[in-house]
Structure formats: structure tokens, C-alpha cells
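The values are calculated or read from the model by the stated rules, or taken from the named source; none is laboratory data. Please read all numbers here as calculations on a predicted model, not as lab measurements. Here the Cβ is made from the backbone with ideal geometry for all residues, glycine too, and neighbour counts use every protein chain on show. These accessible areas exclude ligands, DNA and RNA; they are computed on the full protein's heavy atoms, side chains included. Shrake-Rupley method; radii C 1.70, N 1.55, O 1.52, S 1.80 Å.
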Amino acid sequence: MTALQIQGLLHEGKAKKVFQTDRPGVVAVQYKDDATAFNAQKKAQLAGKGLLNWEISARLFEALEAQGISSHYLGCLEPGWMVVQEVEIVPVEVVLRNRAAGSLCRQLPIKPDTPLQPALLDLYYKDDALGDPLLTEARLELMQLLSAAERVELERLARAVNAALQTLMRPLQLELVDFKLEFGRSADGRLLLADEISPDTCRLWEVGVADAEHRILDKDRFRKDLGGVVEAYGEVLKRVQGLGSSPRQYR
Ligand code: TMP
Ligand code: ASP
């Protein structure tokens, strides 16, 4: 087969660009160095972040696939670029929390670090202008965002991803505190794991480090102005590289 041809820009998000390709139903994703937080109210350019999140995401999508959890991910092109199945993104952010942190502790009287078992699953409406509001089951139904069967499938997949990621990360001395997933519908109507899995979208703490700031290896370093953001992401990549060989090339 001839090499994949990248065509026009389809969509530019805060951290990635999506391009059409010459293959139907196949799009190319480029990871950007842009960092945003608080629904894009805080912005910066972090040189190297795009490459780090690209490789971390590719490796994690492959590791999940090896455990039977498929996603939109198909393979990689040059560094910074991956090829994915085209999906229609469901405007719902699925957050799984294994330990209390972030907005949970701002919105409810729950002490930071409190273990949450079973993991708390929160759904948010994906809309920066509205501040990604928390969804209730009634609001989800009102907005007709997911069918009843998709709602069940989404939760099953999200909990399976949580279990698989925790199992993968524990030996790497990384604690998966919480993370956000997005799902999309493929042309044949299946709900597929999509977007990215990276320190931009996960809270990851270094196991065995008691200091509440030193242990942070994720975007909280940027949100809280702790510095060393790219270095922390690099540390996560170094460990995730320990899971196996380089991400596969898309052919
Ligand atoms: P939160 O504590 O701010 O609600 O975040 C929970 C998790 O979701 C955390 O790992 C960061 C991630 N997240 C995103 O990836 N994108 C977002 O827009 C938000 C609000 C959180
Ligand atoms: N991803 C969101 C933003 O870019 C919020 C966050 O991660 O803090 O604004």
C-alpha cells in the first residue's frame, strides 16, 4: 500500500490537531506543545510536551489494546503524529477518581487524598464556554447525549480502562489518582475510546513520595505553577517506555 497522505485540517483542539487523510474513515492527529488549564483561561507553550504526550498516549493505547480494550488508535507516523479511526466525539468527559483531588475537593467536603473505592465516576458536559459542567443522569437524558445502552457501555469501558491502567502503572511506581476519558462513535455506530491518555488528562503521583508537591507528575504542575512540567512528563514517558517496544508504525 502507498504511504498515507495527510490532507486538510479538520479540527484544531487545545492540545491536538486532526487532519483528513486519503483513506476514508482514517484521520491523523498531531500533538501540540500548547498547554491550557481551567478551560483555557491559563495558557502556555511547553516545548516538547506534544512529543511526550504523543508517545505516552500511543504506548498506553497499545497496552490497553493488548488487554482487550480497543480504541480509535491505529498506529503512529513520524514522532508527534498518530493515525486514528475517525469518530464523532461524544461531548461527555468521563472522569474516574481513585483518590480525592482537584474539583472533587473544591465542590464537596472531602479531604484531599481520601481513597475512593469503588472509583467515583463523574460525567461532565464537554463545553469550555460553560466550564465543563457536571452532568446528572437526568441532564444526560435531557440532552440526549447517550442512549441507555451507550451509557452502560461507557461506564463498563471506563472502569475497565481504570483497572487496566492501574495494573500497568503500579509496577512503574505511578499512582493513578484520577483521569479523564473521551469516547466517540465510529461510522458503524460503536462506542470507542478516543482522545488521549497522558499527563494532561491523568493525575499521576510518584509512589512513595510523601511531599504533596514533589510527587506530582502531571498537569497539576502547570495548573499550580510548580515548574518542571516537561521534566515530569518526561519521567512518566521513561517509565511507560518500560512497558514494551516503541509504538507501532501505521501502514
Ligand atoms: P478535576 O479534578 O479538575 O475535575 O479533574 C479530574 C481529572 O480529569 C484530572 O485527571 C484532570 C482531568 N481533566 C481533563 O483531562 N480535562 C479537563 O477539562 C478537566 C476539567 C479535567
Ligand atoms: N483541559 C482543560 C483546559 O485545557 C482543563 C484542565 O485540564 O485543567 O482548560
Practice task
Be a star and scan the range 31-46 for residues whose amide nitrogen sits under 19 Å from the point 7 Å along the Cα-to-Cβ vector of L10.
Solution key: 31-32
Exercise for the section: Provide Rg over Rh for the range 108-213; use the alpha carbon set for both Rg and the Kirkwood Rh (inverse mean inverse pair distance). Expected result: 0.99
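Under a 1.4 angstrom probe, counting protein chains only, how are S245, S103 ranked by accessible area, largest first? Don't skip to the answer; put the middle values down first.
Working: S245 100, S103 25 Å².
Sorted by accessible area, descending: S245, S103.
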Exercise for the section: Would you work out the relative contact order for the chain, in percent, from Cα pairs under 8 angstrom that are 6 or more residues apart? Expected result: 20
Completion exercise
Over 23 Å (Cα to Cα) among K111/K238; K17/K126; K32/K238; K17/K180 -> K111/K238
Exercise for the section: Find how much the distance from R156 to Q144 grows on full extension, using 0.36 nm per residue of separation minus their present alpha carbon separation; answer in nm with one decimal. Expected result: 2.4 nm
Fill in the blank from the handout: Treating only Lys and Arg (+1) and Asp and Glu (-1) as charged, each at its beta carbon, one finds that the range 77-118 has a dipole about its Cα centre, in Debye to the nearest 20, of 480
Completion exercise
Any aspartates and glutamates whose Cα falls less than 12 Å from that of K16, other than same-chain ones fewer than 8 residues away, would be D33, D34, D195, E196, D200
Practice task
Rounding to the nearest 20 debye, state how big the charge dipole of the range 1-156 is about its Cα centre with +1 on each Lys and Arg Cβ and -1 on each Asp and Glu Cβ.
Solution key: 540
Fill in the blank from the handout: For the pair K224 and D188, the simple spin-label estimate (label points 7 Å beyond Cα toward Cβ) gives in nm 4.5
Handout entry: Those residues of the range 151-193 whose amide nitrogen sits under 20 Å from the label point placed on E65, 7 Å along Cα→Cβ
Key = 157-158, 160-169, 181-193
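Express the Stokes-Einstein translational diffusion coefficient of the chain in µm² s⁻¹, to the nearest whole number, given a Kirkwood radius over alpha-carbon pairs, 37 °C and a viscosity of 0.692 mPa s.
After rounding, the answer is 176 µm²/s.
Give, rounded to the nearest 20 debye, the magnitude of the charge dipole that the range 103-188 has about its Cα centre when Lys and Arg contribute +1 at Cβ and Asp and Glu contribute -1 at Cβ.
Working: 10 positive and 14 negative charges, 48 e Å.
In debye, rounded to 20, the range 103-188 gives about 240.
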Handout entry: Of L46, G13, L64, farthest towards positive along the dipole that unit charges on Lys, Arg, Asp, Glu beta carbons give the range 8-164
Key = L46
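Order K111, K224 by their accessible area, 1.4 angstrom probe, all chains in place, largest first. Don't skip to the end; give the middle numbers.
Working: K111 155, K224 120 Å².
The residues order as K111, K224, largest area first.
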Exercise for the section: Extending each Cα 7 Å along its Cβ direction at I110 and R23, get the distance between those two points in nm, one decimal. Expected result: 4.1
